[in-house]
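Colleague: So that we are looking at the same thing, I have put the structure below in structure tokens.
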Amino acid sequence: MRVLHILWLRQLKRYFRSRARIIGSLGQPLLFLLALGFGLGPMYQKAGGGSYLQFLAPGVIAMGALFTAMFSGIEVIWDKQFGFLKETLVAPVSRLTIMAGRTLGGATVATIQGMIVLLLCLAVGFRPVDYALFPMALGFLFMIALFFTALGTAMASVLDDMQGFQLIMNFLVMPIFFLSGAIFPLASAPGPLAMLARFDPLTYGVDGLRGTLTGASQFPLSLDLAVLGLLTAACLVLGSRLFSRIQI
């Protein structure tokens, strides 16, 4: 437990020491929120969809956590290249514990990032329908962060090149985000696109956030929670196996 706590605190210290990282990671969610939320809002409202900002905000909140969580794997490659990971791996604790500590730390950082984006959404006019469901919304946000942090760590465990990792992550992140229903309603999507969205893990996270924050979800919240929970558990197991095979 002490090792978990140390690794968790290390991730948080890295995050809060880098103001440029905090500000820079808010740029893309803020751009989507303002450019799409207000740019397409009148068209969405004329089409009978209501407030587009209310629809878009949960997806942008998930986006803030997604990008931070996935790219947390860069720290694994960074530590491998500069020898810091070797110092950690030779400690008399299991690699599963080390991986769990790094993943929890990265997930906490990504959750904080998502909460900052949530505050930005509130500042520009987004309003949750029921503040009593806020804890459940934060639970979905943390599960999104935990799943994609574990995925990023798993990918980084088998890669040694930081540039290769960034290319693979960019190849994965944008399709994952755009197919999740974050910026368009899945109910009106063409059949093939809607089918692809059902295989996107972020779909269930965005839907859970939208259901708890706006009361409008495509799937039952219990289904969102079950699918996201099972996928997160599977990714944690996979990430632990791959991390345990790192050669020092």
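Colleague: Cβ-Cβ below 6 Å, separation at least six or inter-chain, first residue in region 150-172 and buried (at least 22 other Cβ atoms within 10 Å of the Cβ), second among the hydroxyl-bearing types (Ser, Thr, Tyr) and assigned to a helix (DSSP H, G or I): which pairs?
Modeller: ALA150/THR103; GLY152/SER72; THR153/THR103
Colleague: Could you say which residue among VAL124, VAL60, VAL109, VAL117 is modelled with pLDDT of 80 or more, in contact with a Cys (Cβ under 7 Å, 6 or more places away or on another chain) and either crowded, with 24+ Cβ neighbours inside 10 Å or over 17 Å from PHE148 (Cα atoms) (or both)?
Modeller: On the way: VAL124 fails: in contact with a Cys (Cβ under 7 Å, 6 or more places away or on another chain); VAL109 fails: in contact with a Cys (Cβ under 7 Å, 6 or more places away or on another chain); VAL117 fails: in contact with a Cys (Cβ under 7 Å, 6 or more places away or on another chain).
Of the residues listed, the single one that is modelled with pLDDT of 80 or more, in contact with a Cys (Cβ under 7 Å, 6 or more places away or on another chain) and either crowded, with 24+ Cβ neighbours inside 10 Å or over 17 Å from PHE148 (Cα atoms) (or both) is VAL60.
Colleague: Further question on the same structure: Could you check how many residues of region 6-26 are small (Gly, Ala, Ser) and either buried (at least 18 other Cβ atoms within 10 Å of the Cβ) or modelled with pLDDT of 75 or more (or both)?
Modeller: Step one: list which residues in region 6-26 are small (Gly, Ala, Ser), which gives 18, 20, 24-25.
Add one more test, that the residue is either buried (at least 18 other Cβ atoms within 10 Å of the Cβ) or modelled with pLDDT of 75 or more (or both), and what stays is 25.
Counting residues in region 6-26 that are small (Gly, Ala, Ser) and either buried (at least 18 other Cβ atoms within 10 Å of the Cβ) or modelled with pLDDT of 75 or more (or both) gives 1.
Colleague: For region 215-229, state whether one or more residues are polar (S, T, N, Q), crowded, with 16+ Cβ neighbours inside 10 Å and either free of Cβ contacts under 8 Å to residues at least 40 places away in the same chain or within 15 Å of PRO128 (Cβ to Cβ) (or both).
Modeller: There is at least one residue in region 215-229 that is polar (S, T, N, Q), crowded, with 16+ Cβ neighbours inside 10 Å and either free of Cβ contacts under 8 Å to residues at least 40 places away in the same chain or within 15 Å of PRO128 (Cβ to Cβ) (or both).
Colleague: Then there's this: Looking only at region 101-143, count how many residues are under 29 Å from GLY239 (Cα atoms) and either touching a helix residue (DSSP H, G or I) at 6+ places or on another chain (Cβ under 6 Å) or among the acidic types (Asp, Glu) (or both).
Modeller: 20
Colleague: Another question about this same structure. Need the failing condition index for ALA197 against (1) touching a residue at least 40 places away in the same chain (Cβ under 8 Å); (2) of a type in the set (A, V, I, L, M); (3) farther than 18 Å from MET70 by Cβ, just the number.
Modeller: Among (1) touching a residue at least 40 places away in the same chain (Cβ under 8 Å); (2) of a type in the set (A, V, I, L, M); (3) farther than 18 Å from MET70 by Cβ, ALA197 violates only (1).
Colleague: Considering region 200-214 alone, what residues qualify as being among the β-branched types (Val, Ile, Thr) and either over 15 Å from LEU118 (Cα atoms) or free of Cβ contacts under 8 Å to residues at least 40 places away in the same chain (or both)?
Modeller: As a first pass, look at region 200-214 and keep what is among the β-branched types (Val, Ile, Thr): 203, 206, 212, 214.
Of everything in region 200-214, just one residue is among the β-branched types (Val, Ile, Thr) and either over 15 Å from LEU118 (Cα atoms) or free of Cβ contacts under 8 Å to residues at least 40 places away in the same chain (or both), namely THR203.
The values are calculated or read from the model by the stated rules, or taken from the named source; none is laboratory data. What you see is a predicted model, and the numbers here were worked out from it, not measured in a lab. Positions of Cβ are backbone-derived with ideal geometry, glycine not excepted, and every protein chain shown enters the neighbour counts.
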